[in-house]
1. Shape verdict for region 64-125, please, from the Cα gyration tensor: rounded (a/c under 1.5), prolate (a/b greater than b/c) or oblate.
2. Dipole of region 59-166, Cα-centred, from +1 at each Lys and Arg C-beta and -1 at each Asp and Glu C-beta, to the nearest 20 debye?
3. Working out 0.36 nm times the residue gap between M23 and Q72, then minus their Cα-Cα distance, what length gain in nm do you get to one decimal?
Amino acid sequence: MSTTKPQGTEEQGDVSPSRRRFMTWAANAMGGLIALVVGIPIVGSIFTAIFKKNNGNSWVTLGTLDQFPDGQITPISFQLASKDGWMKTQSQQLVYVSRKGSNIIVFSSICTHLGCRVSWKASLNEFKCPCHGGTYNDQGQVIAGPPPKPLHRYPNKVSGGKLMIHTSDA
Ligand code: FES
């Protein structure tokens with residue numbers, strides 16, 4: 001009785017050593033390729049996070065000092081550039097500049113309750129939040145409503161006759 005195998009079929013133990021080596025090499029190469037494809041973005045995102053620059057963490061010029069009359073609280077907008085990984089964004093921010101002689105305070109317009117935009121009411125000498133009635137005095141201290149803390153104050157400096165604020169936590 002003949003025991004010939006049909007052509008094109010191999011049982012598991014019949015794979016030649018050179019073919020087995022090739023298959024092992026191919027499987028390892030494929031595994032390495034998959035690791036590269038998956039690993040490069042992960043490593044890239046780690047390095048991006050490490051070297052990420054946030055342009056919001058810098059000094060921004062609001063304007064010349066004469067734009068902010070003595071004894072008043074003046075609103076002014078500025079463009080805040082920020083970078084998150086590869087994403088660059090620009091957003092318009094509103095702040096209030098309180099000037100009393102050389103004493104300058106720059107308030108954020110963001111309510112500390114839930115982030116609505118407050119507005120300065122000169123006739124009342126108060127900042128008012130339209131959302132839940134939060135009220136702040138001319139020093140940015142909470143005098144009514146739910147805000148848990150005063151308005152944020154930006155670090156500021158005058159350089160070359162220009163008022164600048166530091167936007168590290170804008
Ligand atoms: S967001 Fe301003 S009081 Fe609620």
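What follows is calculated from the coordinates using simple rules that are stated; it is not laboratory data. On a predicted model such as this, the values are computed, not experimentally measured, just so you know. Here Cβ is always computed from backbone atoms with ideal geometry, including for glycine, and neighbour counts include all displayed protein chains.
1. Details: a/c = 3.01, a/b = 1.63, b/c = 1.85.
Verdict is oblate for region 64-125.
2. Working: 11 positive and 5 negative charges, 36 e Å.
Computed charge dipole of region 59-166: roughly 180 debye.
3. Numbers: separation 49, 0.36 × 49 = 17.64 nm, distance 7.99 nm.
Extra length from M23 to Q72 when fully extended: 9.7 nm.
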